[in-house]
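Structure first, commentary second.
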Amino acid sequence: MDLFIVNTLSGLTYGMLLFLMASGLSIVFGLMRIINLAHGSFFLFGSYVAYAMISRGMNFWLALLLSTICVTVLALLLEKFLISRFHGNEASQVLLTLGLIFVIGDITLWIWGGDFLSIPVPSILDFSFAISESSFPIYRLFVIAIGIICAVLLWYFETKTKVGMIIRAGVDDMEMVGALGFNIKLIFSAVFLFGAALAAIGGVLSGPILGMYPKMEFEILVNSLVIVLIGGLGSWKGAFIGAILIGIIDSFGKIYLPDVSVLLIFVVMVIVLMFKPTGLFGRVES
Amino acid sequence: MKKSIIVTLLLAVSICALPFVISPFVLFMLTEVLIMAIFAMSLGLIMGFGGLQSLGHSAFFGIGAYTVAVLSQYVTSIYILLPAAIILSGIFALLTGLIAVRNKGIFFLMITLAITQMLFLFFRQSDLWGGADGLGTSVKPNLGFMELVSPLSLFYFAGAFFILSYFVLRLFVNSPLGKGLKGVMENEGRMIALGYNVKKYQIIAYVFAGGLAGLAGGLYIFKTQFASPELFSVHMATTVLIMVFIGGLGTLFGPVIGAGVFIFLQNYISTMTDRWSLIMGLLFIVIVLYNRGGILQLLQIVGKKLMPSKNLLVDKKGATIIELNESGKAK
């Protein structure tokens, strides 16, 4: 029973990290119709920048804030100078972000080298609590809490605020929103930056748990893609459910079926897509 | 048909003549170019003629490579190894194609990416076939009557398969099947309205391209003697995508030029700096930014500038708009 609880919590932790990543991916898709393949690179870049700051003695929380800002600025530049040039040409935008994976990945490799790095757990959260005989680090609970808070904030933002209303309308009919006098380009940029910031927060929070290593972005990206496909593109609710599902499957799969755990995720994806090609909560017809 | 045969014969003659004019090192590199050209052409088929942008094409290459590497421990005859590589990757293409082809555009791209990455992780984690360390073999192409050992014979071996693949692809593209495929890419709705089973066309092309990529993967093992999970990686899938883009999308020969340019650049830049991956990414971004149809189209423009033909009305990008007859009116 202990093992079951600990595994569930670990799965949830991983799921929440993936949720932070996948929700940005999903929202950006819903609005802009592009999959930002460099989203995983934002995730990894965020954690590397935070590592650089923390290893020079900076406070964890300040580093979290600063690296999120750093990634957001990077995303702003990329959006402004590259991606927005292909407004309306989704295929080129996706290919551009594919090229960016290699550029960002190689620059991080250049600066931080190819070793496995990890961020120390902030001292205030550096203890464990006991579940009868097992123990579980409190930091992971904190990550789960952050994920849930983000989900609640997203829900509030989407359903109760005016900006959320505009974005929801944009997912349905972008041209009409533009015709009503809203600045589409500004909304695009804002959503893109918001997604990048979420990915960076996920990246920094994952630093103490998953660590950082070269080509990690592909792993994170593919897991997020699977989540987004299962949950349905353009829906953060789908991303939330999908992330929990994948997190739990990953956590239990690694213990009970270590050889085929990566295939398990895939099998779930195939089954979902067979019965519902748009994903569980997807409204976008594919 | 007649033109296909002439072009193929020209290619064959030039490949036969090449070893007499180039150095052994370049020959070694060209062998790789020929193999990667088969791989790039197969992706070029589904991307340029089917409109299916795949980020998972390395899956078939990897399966072909592993098939040859694993089976070569038991048999050596290429008449078993290469067909096995083609058939296994074709079957995998059929199974995954049935899922992937239901979706279009970005969804297709994402599903193929996810499938390939799963294979990559599986081969890296599992204890079968060397796991993350990869699987080394020592297999020489055994034609039954002789075994090819010298680099020159390996070059001709790859060249023969390259020419065969090119010819078959040309036939495929010019067949009603290929025309139908292109029709689906250009206007799917109309093709459905005309009564075509569009998914069938896409799946046939996908399986065909998968089998061809498997063949390339198999040939690759004869050259490198080493199969690693990296063959399945997104890196590999992107590499071949870049080759297709550099060369020119929507043509058969474009990917071949792309493969050549890419491998030569890679070899020369890698000797100068470790930052090949960075340069490759930037190169790719530049090509996407200035997407004018790749090198092949550039050559066509230059060719038309040098030898302007009065009978053709050509636009700025070098594409023929209409053919004119002698009095200057459209035919």
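Since every read-out is calculated from the coordinates, none of them should be taken as a lab result. Being a predicted model, the structure only gives us computed values, none of them experimental. Backbone-built Cβ (ideal geometry, glycine too); neighbour counts: all protein chains shown.
Here are the numbers:
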read-out: Centre separation in Å (Cα based) which lies between region B:186-232 and region A:128-183; value: 39 Å
read-out: Other protein chain Cβ atoms within 10 Å, averaged over every residue that makes up B:53-62; value: 1
read-out: A:Ser128 long-range amide H proximity, modeled H, under 5 Å; value: A:Ile138
read-out: 0 to 90° range, to nearest 10: angle between helix B:58-71 axis and chain B longest Cα axis; value: 40 degrees
read-out: Residue with peak Gaussian network fluctuation, chain A [Cα springs, cutoff 10 Å], from A:Leu205, A:Leu77, A:Leu96; value: A:Leu77
read-out: Using alpha-carbon coordinates, inclination of helix B:254-272 to the longest axis of chain B, degrees; value: 50 degrees
read-out: Stokes-Einstein D (µm²/s) once Rh is taken as the Kirkwood radius of chain B over alpha-carbon pairs, at 4 °C in 1.567 mPa s; value: 62 µm²/s
read-out: Amide proton proximity set for A:Gly211, modelled H, under 5 Å, gap of 5+; value: A:Ile119
read-out: At q = 0.06 Å⁻¹, base-10 log of I(q)/I(0) for the protein assembly as shown (Debye sum, equal scatterers on each alpha carbon); value: -0.34
read-out: Full-stretch length increase - B:Leu289, B:Leu152 - with 0.36 nm per residue and alpha-carbon distance subtracted; value: 45.4 nm
read-out: Per-residue mean of C-beta atoms belonging to partner chains within 10 Å, peptide B:98-111; value: 5
read-out: Helix axis angle, B:24-44 relative to chain B longest principal axis, alpha carbon, degrees; value: 70 degrees
read-out: Relative contact order (%) - criterion: Cα under 8 Å, at least six apart; region: chain A; value: 37 percent
read-out: Neighbour net charge for A:Thr159 - beta-carbon separation under 12 angstrom, K R +1, D E -1; value: +3
read-out: Pairs from A:Lys185/A:Lys276; A:Lys237/B:Lys104; B:Lys199/B:Lys305 whose Cα-Cα separation, in the structure shown, is over 30 Å; value: A:Lys185/A:Lys276; B:Lys199/B:Lys305
read-out: Spin-label model distance (nm) - B:Ser270 vs B:Leu9, 7 Å beyond Cα toward Cβ; value: 3.8 nm
read-out: Helical segments meeting 20 Å axial Cα length and Kyte-Doolittle 0.5 threshold in chain A (DSSP H); value: A:2-32, A:39-54, A:60-81, A:90-112, A:138-160, A:184-210, A:216-231, A:236-256, A:261-275
read-out: Chain A: Rg to Rh, with Rh as the Kirkwood radius over Cα pairs; value: 0.97
read-out: Taking region A:19-130 and dividing mean pair separation by its residue count, relative contact order in percent (alpha carbons under 8 Å, at least six apart); value: 32 percent
read-out: Sequence-separation-based contact order of region B:2-289, relative, with Cα cut under 8 Å and 6+ spacing, percent; value: 37 percent
read-out: Local net charge near B:Val207, Cβ-Cβ under 14 Å (Lys/Arg +1, Asp/Glu -1); value: +2
read-out: DSSP beta bridges in the protein assembly as shown [antiparallel fraction, %, rounded to 5]; value: 90 percent
read-out: Under 15 Å, Cβ to Cβ, from B:Leu169 - net charge with Lys/Arg +1 and Asp/Glu -1; value: +4
